[in-house]
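Here's the structure we're looking at; comments come further down.
The values are calculated or read from the model by the stated rules, or taken from the named source; none is laboratory data. The shown structure was predicted, so the numbers you read here are calculated from the model rather than taken from an experiment. Heads up, the Cβs are rebuilt from the backbone with ideal geometry, glycines too, and the neighbour counts pull from every protein chain shown. With ligands, DNA and RNA removed, areas are computed over all heavy atoms of the protein, side chains included. Shrake-Rupley method; radii C 1.70, N 1.55, O 1.52, S 1.80 Å.
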Protein chains: 2
Amino acid sequence: MYLGGLEAGDTNFVCAVGDADGNVLVRERIPTADPQTTMAQVIRFFENFKIVSIGVGTFGSIDLNKESATYGSITASPKRGWAHYPLFKSLSEAVGVPMGITTNGNAAALGELHKGAAQGLDGCLYMTVGTGISAGLIMENQFLHGLTHPEMGHILLRRHPKDAFQGLCPQHRDCLEGLASGPAIEARWGKKLTSLDDDHLAWSIEATYLAQALMHYALIISPKRIILGGAVMKQNQLFPLIRTQLQQLLAGSIDCAELKDQIDSYVVPPALGENAGIIGALILGRETYRQRSGKIA
Amino acid sequence: MYLGGLEAGDTNFVCAVGDADGNVLVRERIPTADPQTTMAQVIRFFENFKIVSIGVGTFGSIDLNKESATYGSITASPKRGWAHYPLFKSLSEAVGVPMGITTNGNAAALGELHKGAAQGLDGCLYMTVGTGISAGLIMENQFLHGLTHPEMGHILLRRHPKDAFQGLCPQHRDCLEGLASGPAIEARWGKKLTSLDDDHLAWSIEATYLAQALMHYALIISPKRIILGGAVMKQNQLFPLIRTQLQQLLAGSIDCAELKDQIDSYVVPPALGENAGIIGALILGRETYRQRSGKIA
């Protein structure tokens, strides 16, 4: 049994075919251009395989309300041509198999939950700190569907006293993404991330912001584990700084071992590296197939 | 068929017997003293009725992990004698019927969802702004169970430029609860809430803080509707101020009608007033009975 997976990202669309365990067997990387060009290549890729279902993690915002006439469509997007593009409808009609769709943050969380750093739990939060900041969330083995999907990267923070950087977010200026994304760090210091020393003030400021964000997530949704991925989190020195600041901010107000003496296994890097999203997409495809067919494959 | 409900609050334990529609038929208010005294009175109340189940909304923190040996026990509490009190075990053994337990915020959300301001939806957030600040949350007809239940009152905020008040929270000093609870407002201005004019700066500052909190909730969990109750929210002039500031803060970043032209029906007062919690407890009792018996009563 083969499964299809698609990770629709800002720069590339990663297409994959995998097995029922979520192992990637074939993979192709297609540049993100306009929808017609990109989707024609995506569909051509999947036409080569007999897949039973397909799972998609996509950039957004997307409409995930199953009652909606525009279910699975991109809603707003700064990318040319993608706003209102009916991704679910176009792809599922072209490929002709059951399809599951979610955000790429949620797909990455699903990948880490089944095959990575959150195995054995029933949920986790996966936060990407890279070009932008976004997160996916699974609680009790479900994605959360509210008015819309989480947009966790745009919360407001208290400023680090030594940080006068104005912020880069076009909508909120100095929200989390505006202050702590990769481009924000590079604009603040006028240097590439990789050229900042491990003990540079940049990392202490970055950890202050990420720890505040994690404090909010812990107080508001209390995820079972928090996984921090993306280009910025390759700076491993951030992890101990974030853990320490998170504990200081919480000041013992959440009475859980995970946030006290087990903090090192609560705030963790991804186990799947950059593959979390595509593996999660394959697993979403598998779960979609199981639900439709009633089969435990 | 009669149902039991208990709202275990800081000041009183409200006991009730109701019908399957969640109507309160008999009610008794018992002062919150030490566990032995209070619980003896609670148990004596319920012994007078033939109830099929009981639902409880309680102050906390409480252990809501069903796998845990201390399921339904108070974990931490500043109230004398209540820390580690096995509320679920004591009451369910004494009353001898199936029992459901959650936080009092979650019970109030359940009451408003079934009988109040969120009817017809599959979830809502209920926030109490009173002596403390706390919230309950229902998503897709479920309470969320993460590491622990939400503690949404302790998130950090940006200061209003005209506010130099130090904050009252013993753990975080100037978190949301430390700055925006009823006691915080009264300490900041040295006056009773009810003696502050409707156009006093107090309300503009209060709305700034509550709007920031709502922004975080909307970005992180995207509730279907937000209900604001508690003593502070009896100041009706707060609602339009909060709605306006919330829209300004979000700056259009969540592309949903509810947060744009429908904001007046998105951020709303409770429809059940102070009865949301006890009605929610009765409904929790009903749902517990239905699940246990397989009956749709």
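Numerical summary
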item: Folded to 0 to 90 degrees: helix B:201-220 orientation relative to chain B principal axis, Cα; result: 60 degrees
item: Which of A:SER265, B:VAL95, B:GLY146, positive extreme of dipole for the protein assembly as shown (C-beta unit charges); result: B:VAL95
item: Shortest-first nm distances, B:PHE165 label point to equivalent points in other copies (7 Å, Cα→Cβ); result: 3.3
item: Cβ-vector label at 7 Å, B:GLY190, separations to other copies in nm; result: 5.0
item: The protein assembly as shown, Rg to Rh (Cα coordinates; Rh as Kirkwood inverse mean 1/r); result: 0.98
item: Rh (Kirkwood; distinct C-alpha pairs) - chain B, Å; result: 19.7 Å
item: Between helix B:238-250 and chain B: long-axis angle, C-alpha atoms, 0 to 90°, nearest 10; result: 70 degrees
item: Å² of accessible area per residue within the range B:1-144, as computed with a 1.4 Å probe and no ligands counted; result: 41 Å²
item: Solvent-accessible area, 1.4 Å probe, carbon plus sulfur percent, for the protein assembly as shown; result: 48 percent
item: Of A:LYS115/A:LYS224; A:LYS234/A:LYS260; B:LYS192/B:LYS234, those spanning more than 20 Å from alpha-carbon to alpha-carbon; result: A:LYS234/A:LYS260
item: Partners for A:LYS50 among aspartates and glutamates (Cα-Cα distance below 14 Å; same-chain residues under 8 apart left out); result: A:ASP19
item: Positions from the range B:180-223 whose accessible area shrinks by 50 Å² or more when the full protein complex is built, not the chain alone, probe 1.4 Å; result: B:HIS216, B:LEU219, B:ILE220, B:SER222
item: Virtual spin-label span in nm between A:LYS191 and A:GLN36, 7 Å along Cα→Cβ; result: 4.7 nm
item: Mean Cβ count within 10 Å, highest first, over the residues of peptides B:184-194, A:58-68; result: A:58-68, B:184-194
item: Label spacing, shortest first and in nm, from B:THR70 to its equivalents in the remaining copies (7 angstrom along Cα→Cβ); result: 4.9
item: Cα centroid of the range B:20-76 to Cα centroid of the range B:215-252, whole Å; result: 31 Å
